[in-house]
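Working notes for the structure below.
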Amino acid sequence: MEGIFITFEGIEGVGKSTQIAKVYEYLSKDYSVIQVRDPGGTEIGTKIREVLLDPSIKEPFAMFTELFLYAASRAQLMNQVIVPALRNGTIVLCDRFIDSTIAYQAYGAGVPLADVHQINCQAIGDYFPTRTYLLDLSLKVSQKRLSQRSMGKDRMEQKSLKFHDRVRQGYLKLAEENKERIKLIDATKNKKTIFQEIVQDLHTYI
Ligand code: TMP
């Protein structure tokens, strides 16, 4: 039997990583499960991630360079990790996936949606998430959480408030258009409540 492909999405500071770690710990008691992140998750993807997020790169990325690099990391992750795991019956928990490209590169940066889909279909093939948890937070709270972190902002986090607002609105539109796949979660709730909400929902798929 094929495994289940679950993704987690949201703007910066919504607490995706915390939730993925908790869900991973919970599921790994009874199931074969892996946790990966996009961009990243492979040696090649990790190098691509470094380039994409490096705040010291001052030259602006051409729109399509950014799009191709995210897709390249994803192609490697699919080929090397996600597809073999799903074929093996493993549950895959992925921190971000194509919805991030739609939110950030299409709605945020203005890449035509048709180009996002065309380029990503080469990277993803027929594999699409079964369920996506979209953690949503106002821009104000998101920015506040970012400013409270000890590390500096990466290249994407340094983009303007307007950009991040377009990203959030893009995510909300995606959720509205894909209600059967995307579960919208209020990320202002406490971590435990969010975790319980996710786990309860997950059991309809597992
Ligand atoms: P992370 O720090 O949550 O792993 O995300 C990396 C950054 O890359 C985050 O700012 C979102 C951004 N991103 C895109 O712009 N497009 C994409 O396709 C993906 C996967 C992430």
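Once fully extended, how much extra length lies between L146 and H117, figured as 0.36 nm per residue of separation less the alpha-carbon to alpha-carbon distance?
Stretched fully, the L146-H117 segment lengthens by 7.4 nm.
How big is the dipole moment of the stretch 5-202 about its Cα centre under a simple scheme where the beta carbon of each Lys and Arg is +1, that of each Asp and Glu is -1, and everything else is neutral? Debye, nearest 20, please.
Dipole of the stretch 5-202, to the nearest 20 debye: 580 debye.
If you take the square roots of the eigenvalues of the alpha-carbon gyration tensor of the stretch 5-202 and sort them as a ≥ b ≥ c, do you get rounded (a/c under 1.5), prolate (a/b over b/c) or oblate?
rounded
Among R87, R49, R74, what is the fewest-to-most ranking by other Cβ atoms within 10 Å?
In order of increasing Cβ crowding within 10 Å: R87, R49, R74.
Rank these for me by crowding, M63, M1, M78, going from fewest to most other beta carbons within 10 Å.
On the way: M63 14, M1 7, M78 21.
By the 10 Å Cβ count, ascending, the order reads M1, M63, M78.
Quick check on the exposure proxy: order C94, C121 from fewest to most C-beta atoms within 10 angstrom.
The most exposed by this proxy come first: C121, C94.
The numbers here are math on the coordinates, done by the rules we state, and not lab data. Nothing here was measured: the structure is a model prediction, and the numbers come from that model. Note that each Cβ is placed from the backbone with ideal geometry, even for glycine, and that neighbours are counted across all protein chains shown.
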